[in-house]
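Here is the structure we will look at, set down as structure tokens.
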Amino acid sequence: MEPTIALTLAQIANTTIAAVKQAKDMVGQSKESTAVKEQLITIYDHVLELKEKISDFQDANHALEVENRELKERLAQKESIERRGEFGYFFKKGEDDPLCPKCYQEFDRVTYLSKVKSYSNGAIKRVCIVCHHHCYEREGQSLQHLPRSRSGWMGN
């Protein structure tokens, strides 16, 4: 709880208590019901203000609880992920499917890479199923460009 909220709640509570004591004293000393009614209205106003501040406190407390829960979940997730293997992929502990390094490092998101795919140029890679980031496990050879004739493909 913020110090200003706590101080405000304490001030309202003290003012309310003082107003209640004053109303009690007025009832015992005076037969004028108007003064008692005015003091009771003041007490009622302070109680409403106190209820409003308590509601604000509960909202702030709830927001902090949600944030705390989310941070604990993120921490638990980070603790369950390890970097290993020849290519430095991230893995969830106990799993063999690698995570996308881009999604994990940039967005703190756990997404998996595709199975290994081999290509005709010799490349071996995995692709993220979410962001489509390519992770090469072996680079492919450059394709040799066939010489072209100046007359075009139909021999014109």
- Message: Going residue by residue through segment 95-118, is there one that turns out to be exposed (fewer than 13 other Cβ atoms within 10 Å of the Cβ), hydrophobic (A, V, I, L, M, F, W, C), within 22 Å of the chain's Cα centre (by Cα) and at negative phi?
- Response: yes
- Task: Would you please name the residue that is surrounded by the most Cβ atoms within 10 Å (Cβ to Cβ), looking only at residues in segment 29-79 that are acidic (D, E) and under 22 Å from T15 (Cα atoms)?
- Result: E49
- Query: Counting only residues that are in contact (Cβ under 8 Å) with a residue 40 or more places away in the chain and in contact with a helix residue (DSSP H, G or I) (Cβ under 6 Å, 6 or more places away or on another chain), how many does segment 44-56 have?
  - Reply: 2
- Query: Which residue pairs have Cβ atoms under 7 Å apart, sit 6 or more places apart or on different chains, and have a first residue in segment 84-100 that is closer than 17 Å to I129 by Cα and in contact (Cβ under 8 Å) with a residue 12 or more places away in the chain and a second that is in a loop (DSSP other than H, G, I, E, B) and charged (D, E, K, R)?
  - Reply: none
- Item | Filter result (under 27 Å from L75 (Cβ atoms), in contact with a Cys (Cβ under 7 Å, 6 or more places away or on another chain) and not hydroxyl-bearing (S, T, Y)) within segment 102-142 | K102, C103, R109, L113, C128, V130, C131, H133
- Which one of these does D96 not meet: (1) modelled with pLDDT under 85; (2) closer than 30 Å to Q141 by Cβ; (3) acidic (D, E)? (1)
- Query: Would it be correct to say that I17 is modelled with pLDDT of 80 or more and either out of contact with any strand residue (DSSP E or B) (no Cβ under 7 Å at 6 or more places or on another chain) or assigned to a helix (DSSP H, G or I) (or both)?
  - Reply: no
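The values are calculated or read from the model by the stated rules, or taken from the named source; none is laboratory data. Predicted model only: the values in this text are computed from it and were never measured. Neighbour counts are summed over all protein chains in view; Cβ atoms, including those assigned to glycine, are modelled from backbone coordinates with ideal geometry.
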